[in-house]
Amino acid sequence: MKLYIVLAASAVLALTTSAQAVQLVVISTNSNTGIAGQKAYIIGVQISSADRAIAGPNATLSIHNLTFTGGVNGPVNGANGSTNRPDVQSLQTAVIDGAGEFPPQNADFTANGINAIYRDSWWYNSGTGLLNGVVDASFNSGTVTTTSGGTIGPTNAVGTTGFLWTPNGASGIVPANALNGQTMQYSGTYGPSGSNTLDGPTLAPLFSGGILTVPLVQIVATGDIQVPGSYPQLTGSFISVGNKNYYNNIGIISFSESGPPIVFYLAPEPGTVVLATLGALGLLLARRRLKEL
């Protein structure tokens, strides 16, 4: 390839590819689902203090039509039959709060409870943005956190805030109760409205080493979990930090137990794309001018 073409392409790439990026990461993997070949992945959204800074004051974290698929390999949501649970709040309410003891002991769960928790896929979602349930031995109710107890295995990842995602628009697991081969899609905002700003007193201190990772979903699968590409607007999927939108511009990519995170890149502003194109054209014209001299 001609050097000037390489330089022109490099100019476009340098001007249109942002250093800012939001990532989907595997927080934990559980192979003890009781079903051979299945693994339960806890997947979270990871953002940096740099993302928070460019988003400006009072920015919140949102996702829009984020999609997970995997063909016949998963996600799985049907191991518990017609009583499978779509989110962690319904698990807390139906399975944990009804266990009749505090803190609940896994050994005392019924088969349905075990299936709902460890063999189904579900979102870290509630209608309020908080995990609510039994918080003490007197069976008082409140916001469930890692310090209040009353939660289950992987769901203690809600941390000391008890924050979950609040749905926004159409979300779900489609089709329900089909065992394998489903598509999971979600739209929502992290945390309860009014107290979920990333620079606020609740979330700002949770940035550890400049990074905040919040749980999004448990996906049980027998193979890789695929995330379709979303830019330029192939599926309408993106992650927002304030008014900055991040897209997966690579195409269909897959999660695996030891694979790299899935990176969503900040979409360039229209003016940046124009400047990039002009810069590339400038390099090409300069090359042509040099040849004429």
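Each reported figure results from applying straightforward, stated rules to the coordinates on display, with no laboratory input. Remember, predicted model here, so these are calculated numbers, not experimental data. Reconstructed Cβ throughout: ideal geometry from the backbone, glycine too, with neighbour counts over all protein chains shown.
Here is how the numbers come out for the structure above:
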{"read-out": "Whole-Hz ³J(HN,Hα) from phi, Karplus 6.51 cos²θ - 1.76 cosθ + 1.60, for segment 50-58, glycine and proline x", "value": "5, 4, 5, 5, 6, 6, x, x, 6"}
{"read-out": "Sequence-distant residues sharing a close amide H with residue 125 (under 5 Å, placed H)", "value": "88, 89, 165"}
{"read-out": "Sum of side-chain charges, residue 50 neighbourhood, beta-carbon under 14 Å (Lys, Arg +1; Asp, Glu -1)", "value": "0"}
{"read-out": "Sorted by Cβ neighbour density within 10 Å, fewest at the top, the residues 96, 211, 252, 42", "value": "252, 211, 42, 96"}
{"read-out": "Net +/- balance of residues flanking residue 73 in space, Cβ distance below 12 Å, scoring K and R +1, D and E -1", "value": "0"}
